[in-house]
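Report on one structure; see the data block that follows.
We did not get these values from a lab; they are worked out from the coordinates using the rules stated. Keep in mind the model is a prediction, meaning the values are calculated, not measured. Backbone-built Cβ (ideal geometry, glycine too); neighbour counts: all protein chains shown.
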Number of protein chains: 2
Amino acid sequence: MIYPPEYLVMIPGPTNVPYRVMQAMLTPIINHRSDDFRMLYRSLQEKLKYVFQTENDIVVLTSSGTGAVEASVVNLIRKGDRVIVPVNGEFSERLAKMIELAGGEAIKVKAPYGQIPSFEQVKEAFDNNKNIKALYVVYNETSTGTRITWLDKVKDLIARDDSYFVVDAVSNFAGDDMPVDKWGVDVCVTASQKCIAAPPGVAMLSLSDRAKRFMQDNPPNTLYLNIPRYLKYYAESAETPFTPALPLFFALHEALTIIEEEGLENRIRRHKECANIFYYEFAKMGFEHFADSKCRSHTVIALKYPAGLDDKRFRSTLANEFKVLVAGGFGDMKGKLWRVGCMGEVNSYHVKRTLASVASTLDMLGVKLTTATLQKHS
Amino acid sequence: MIYPPEYLVMIPGPTNVPYRVMQAMLTPIINHRSDDFRMLYRSLQEKLKYVFQTENDIVVLTSSGTGAVEASVVNLIRKGDRVIVPVNGEFSERLAKMIELAGGEAIKVKAPYGQIPSFEQVKEAFDNNKNIKALYVVYNETSTGTRITWLDKVKDLIARDDSYFVVDAVSNFAGDDMPVDKWGVDVCVTASQKCIAAPPGVAMLSLSDRAKRFMQDNPPNTLYLNIPRYLKYYAESAETPFTPALPLFFALHEALTIIEEEGLENRIRRHKECANIFYYEFAKMGFEHFADSKCRSHTVIALKYPAGLDDKRFRSTLANEFKVLVAGGFGDMKGKLWRVGCMGEVNSYHVKRTLASVASTLDMLGVKLTTATLQKHS
């Protein structure tokens, strides 16, 4: 056995998993082609519909979030399809790349990292291009700690070409508002290990009727990520086409039960409140936020490293001396920023312990920050 | 919470998972981009090499076995590639279909279900076709309970065209002999939930140097199943490119530790001995084996339903009255046969409880079988 210490997991996923959810993984193994499984999967559907705020069907894959995002691409995008993609970080870059791998033409609407492309820019991209197959949006850019603020306005934009509206909500779903039906989202993608606070390894997609119809009429060249096949198995027998990660399905079920108990609105409010305290207190400590205050995320706090604070030394001291895990920069941002996940169970204890540990780590490393940045960011 | 009863899980995967392995899932959540994870993944590599009997690199995917089989196809097969595939059941049919979806030409070498294509048939397919890119073999056909008996002879056959040799060993790996290096297997695929006796949700592939080279020089149009990307992340930092199913990685690690403790040879012998008892005793009870005795599996026992024994009634009585799970027929075999998994922990207790429960179920249902078939099958 390998025994890592028990950390406070404040990275942007996986996040801390409640005791009840961990224990649910110990549910004895069942036959995945049996009424026991059907009861589990049907109940998962109902609970997921509540969190997705939708009447649409939902598919659960045994994969990471990236697997489900790729499923949203390979099932919908065909050679030559024109797709508008706001790009402002590593994950939206990766999404554009996936669209190109699938043969699509990714029309990138760019913003500097830390900002978001504006609704007007996206509208302009629609105005300048005809026959748009789809708009793919990374709602919450995990690499830079920003969130897109105008998703509620997209409905009218996509009406012209009857485009599909696809949202990658992996890193803020269940911690930020994502009313699938109200906003007219055709495909919404998320994963278990972020604000849902289940262990990593399963990912979910909701599918509007017209998205389902397209996928069923144009099946993709993949078996494992073949959404029509998942839909068919669910419709015919409430099973998955391939062996599901049973312990993670049970854990997801328990995590969704906790969301019901808390209430989705309360949960989203709690995420926002914790994020606001993080933003305020880190600025007070003298850290500069990476994300523009107009579009900063409620679930991922990105902070610039001041001169004299080394990424590796800072994060390893936090991990080794305080058992608090935070993340470094992703891709091009490596060494330049650090990130705090504000996800799932996050509450005032997590916030206080993180802030206290960061302050003590700065002390231990002899790094003094000024508070000059507070006014700018609070 | 959903609380299914605790079954004796005698289906051909998922199988019973030892207590130690279930508990390993409760290992606290770690950062998957940290030394804690690197230690885990490096140790997994070493343990997997022992069971694969190889010096090759091994990749661990968060997916079912099908996901890993698809990865073996989309990373190796390109448009127009000619691939020889022995086909004698649902899973080998599915493999041939995946090869065709990837643009390959699947040259099927067929045998009736319950039999296996002979080595001579496969040799003939090589003789009749030029420029064979690969031979893909489903070693153990889960749907019919057969195993290919001539994999040790393939090495010379593939030398002519320098073909790749790919083995889907999902349902007998670690319960049957699979010496990857000795048999010259370029890609060997398996999954966690069969004879390794870990929970479902992760799958593994071993990759020879030349298979790796081809994949690196010809990257596939997929991100999630992109093997070169997994290899790169492992080589550079002992990480996975996408968030791994951490609890299942810890469980797999513990399951592999159990295999080390038992010894691979002992484990394979135990599977074979249990399978032999099953074959002998079921025949004695009056059941007819589905698989030809020359090629019957050591890990999946397939049995024909005699007239008067209804699939649904038989299996639900076993499940509800005795808490013993066995599987029905898969695909075309539905209702015609039933299958017993002889996998993982399987020992004389599992065998005896299964046999006793089946005998009592027949009594309860008032079904009398003759013992006429014993001589033919023992």
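Mind checking the angle between helix A:35-52 and chain A's longest principal axis? C-alpha axes, 0 to 90 degrees, to the nearest 10.
60 degrees
Considering all alpha-carbon pairs of region A:7-141, what whole percent are spaced by more than 22 angstrom?
Looking at region A:7-141, the distances longer than 22 Å represent 55 percent of pairs.
With a ≥ b ≥ c the root eigenvalues of the C-alpha gyration tensor of region A:90-223, is it rounded (a/c under 1.5), prolate (a/b larger than b/c) or oblate?
Rounded, since a/c falls under 1.5.
What does DSSP give for the protein assembly as shown in terms of the percent of beta bridges that are antiparallel, rounded to the nearest 5?
The antiparallel proportion sits near 50 percent.
Putting +1 on Lys and Arg Cβ atoms and -1 on Asp and Glu Cβ atoms, find which of A:V60, A:V137, A:F173 reaches farthest to the positive end of the dipole of region A:55-186.
A:V137
Rounded to whole Å and ordered largest first, report the semi-axes of the equivalent ellipsoid of region A:171-307 derived from its Cα gyration tensor (root of 5λ).
Result for region A:171-307: semi-axes of 35, 17, 15 Å.
In the structure shown, do any of B:K272/B:K323; A:K312/B:K49; B:K110/B:K323; A:K108/A:K194; A:K47/B:K232 have a Cα-Cα gap over 28 Å, and if so which?
Pairs exceeding the cut-off: A:K312/B:K49; B:K110/B:K323; A:K47/B:K232.
Inside 10 Å of the C-beta atoms of B:19-31, what's the mean count of C-beta atoms belonging to other chains?
Rounded to a whole number, the mean comes out at 6.
What is the magnitude of the charge dipole of region A:1-154 about its Cα centre, with +1 placed on the Cβ of each Lys and Arg, -1 on the Cβ of each Asp and Glu, and no other charges, expressed in debye to the nearest 20?
Dipole of region A:1-154, to the nearest 20 debye: 240 debye.
Please compute the Kirkwood hydrodynamic radius of the protein assembly as shown from all pairs of different C-alpha atoms, in Å with one decimal.
27.0 Å
Give the distance, in whole Å, between the Cα centre of region B:11-49 and the Cα centre of region B:308-332.
32 Å
If you take the charge dipole of region A:19-262 about its Cα centre, with +1 on Lys and Arg Cβ and -1 on Asp and Glu Cβ, which of A:P86, A:G104, A:W150 is farthest toward its positive end?
A:G104
Would you work out the charge dipole size for the protein assembly as shown about its Cα centre, treating the Cβ of every Lys and Arg as +1 and the Cβ of every Asp and Glu as -1, and quote it to the nearest 20 debye?
Here the protein assembly as shown has a charge dipole of around 200 debye.
Any chance you could check the Cα centroid distance between region A:85-157 and region A:195-259 for me, in angstrom?
Region A:85-157 and region A:195-259 have Cα centres spaced 25 Å from each other.
Report, as an integer, the average count of C-beta atoms from other chains found within 10 Å of each Cβ along A:60-70.
Taking all residues of A:60-70 together, the mean is 6.
Just for the Cα atoms in region A:19-262, what are the lengths along the principal axes, largest first, rounded to whole Å?
55, 36, 28
At q = 0.11, 0.12, 0.16 Å⁻¹, what log₁₀ I(q)/I(0) does region B:223-378 have when each alpha carbon counts as one equal point scatterer in the Debye sum?
-0.58, -0.66, -0.93
I'd like the mean, over residues of A:243-256, of how many other protein chain beta carbons sit within 10 Å of each residue's own Cβ.
5
Enter the angle in degrees (range 0 to 90, nearest 10) between the Cα long axis of helix A:227-237 and the first principal axis of the Cα atoms of chain A, meaning the one along which they spread out most.
70 degrees
Once Lys and Arg get +1 and Asp and Glu get -1 on their Cβ, which of B:M1, A:V187, A:V74 lies farthest toward the positive end of the dipole of the protein assembly as shown?
So the residue we want is A:V74.
Distances in nm, one decimal, shortest first, from B:P306 to the same residue in every other copy, taking the label point 7 angstrom along Cα→Cβ.
8.4
Using label points projected 7 Å from each Cα along Cα→Cβ, tell me how many nm separate B:A307 and A:Y3, to one decimal.
Computed distance between label sites B:A307 and A:Y3 equals 6.3 nm.
Of the DSSP beta bridges with both residues in region A:1-156, give the percent that are antiparallel, rounding to the nearest 5.
In region A:1-156, DSSP labels about 15 percent of beta bridges as antiparallel.
Cα gyration tensor of region A:146-230, axes a ≥ b ≥ c as square roots of the eigenvalues: rounded (a/c below 1.5), prolate (a/b > b/c) or oblate?
Judged from the Cα gyration tensor, region A:146-230 comes out oblate (a/c at least 1.5, b/c at or above a/b).
For A:A235, go 7 angstrom from Cα along the Cα-to-Cβ vector, then report the distances to that same point in the other copies in nm, smallest first.
Sorted ascending, the copy-to-copy spacings read 4.5 nm.
How much mean residue ellipticity at 222 nm does chain B get from its helices, if each DSSP H run of length 4 or more adds -39500 (n - 2.57) and you divide by all residues, to the nearest 500 deg cm²/dmol?
-13000 deg cm²/dmol
Which angle between 0 and 90 degrees, to the nearest 10, do you get for helix A:65-74 versus the longest principal axis of chain A when only C-alpha atoms count?
40 degrees
With an 8 Å Cα cut-off and a minimum separation of 6 or more residues, compute the relative contact order for region A:49-163 in percent.
In percent, rounded to a whole number, it is 25.
Could you tally the net charge around B:L246, taking each other residue with its Cβ under 14 Å from the Cβ of B:L246, Lys/Arg +1 and Asp/Glu -1?
Neighbourhood net charge equals -1.
Counting alpha carbon pairs within less than 8 Å and at least 6 residues apart, what relative contact order, in whole percent, applies to chain B?
Computed over chain B, the figure is 24 percent.
From the phi angles alone, apply the Karplus equation (6.51, -1.76, 1.60; θ = phi - 60°) to region A:173-183 and give each ³J(HN,Hα) in whole Hz, x where the residue is Gly or Pro.
4, 6, x, 8, 6, 8, x, 3, 5, 4, 8
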